1. Could you compute the net charge surrounding Ser21? Neighbours are other residues with a C-beta less than 9 Å from the C-beta of Ser21; K and R count +1, D and E count -1.
2. For a Förster distance of 30 Å, can you work out the FRET efficiency between the beta-carbons of Val39 and Asp62, rounded to the nearest 0.05?
3. So how compact is the chain: Cα radius of gyration and Dmax in angstrom?
4. Along the charge dipole of the chain, which of Gly89, Leu52, Ala3 sits closest to the positive end, that is, farthest toward it, with unit charges on the beta carbon of Lys, Arg, Asp and Glu (+1, +1, -1, -1)?
5. Which helices pass in the chain if a helix is a full DSSP H run, must span at least 24 angstrom along its long axis by Cα, and must have mean Kyte-Doolittle hydropathy not below -0.5?
6. Can you give the FRET efficiency for Asp78 and Arg113, using 1/(1 + (r/R0)^6), R0 = 25 Å, r = Cβ-Cβ distance, to the nearest 0.05?
Amino acid sequence: MAARLVPGFCRLALEAACVESIRRRRLGRGDSHADVERVVAEARGVHPLAALAIEDDVTRGDRVFPYLKNKGGHAAADAFRAIKEGTHGGYTGSLAELLSDARKLAITLRSVR
């Protein structure tokens, strides 16, 4: 059961980190709260939210993995992929390592300016 639940909690943490970055950037530049919440709601899933956080464009999902590799190496991109996939099919690796990687990813995504 933990192999299915832990990746989901990690994914929620990454989504929350992305939303924090999105809100900070968009509210900081003067977008209305309603507009920001609409954009966040339309970005369904961790990958679109990461694209929005990183590129300020939900359609730029192609930039997520290169950004993560640049910031944290292949391990960061692999962890992002594992969290996405583990939510759907369970995770077979070390849950302690996944939690550690998720924490690092959340910090990286929260710090996007």
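No value in this document is a laboratory result; all are computed from the given coordinates. Keep in mind that this is a model prediction, so the values were computed, not measured. Cβ atoms come from the backbone with ideal geometry, glycine included; neighbour counts cover every protein chain shown.
1. Residues close to Ser21 contribute a combined charge of +4.
2. 0.95
3. 13.8, 44
4. Leu52
5. Taking the DSSP H segments of the chain (at least 24 Å long, mean hydropathy at least -0.5), we get 2-28, 64-89.
6. Details: r = 24 Å, r/R0 = 0.98.
Calculated value: 0.55.
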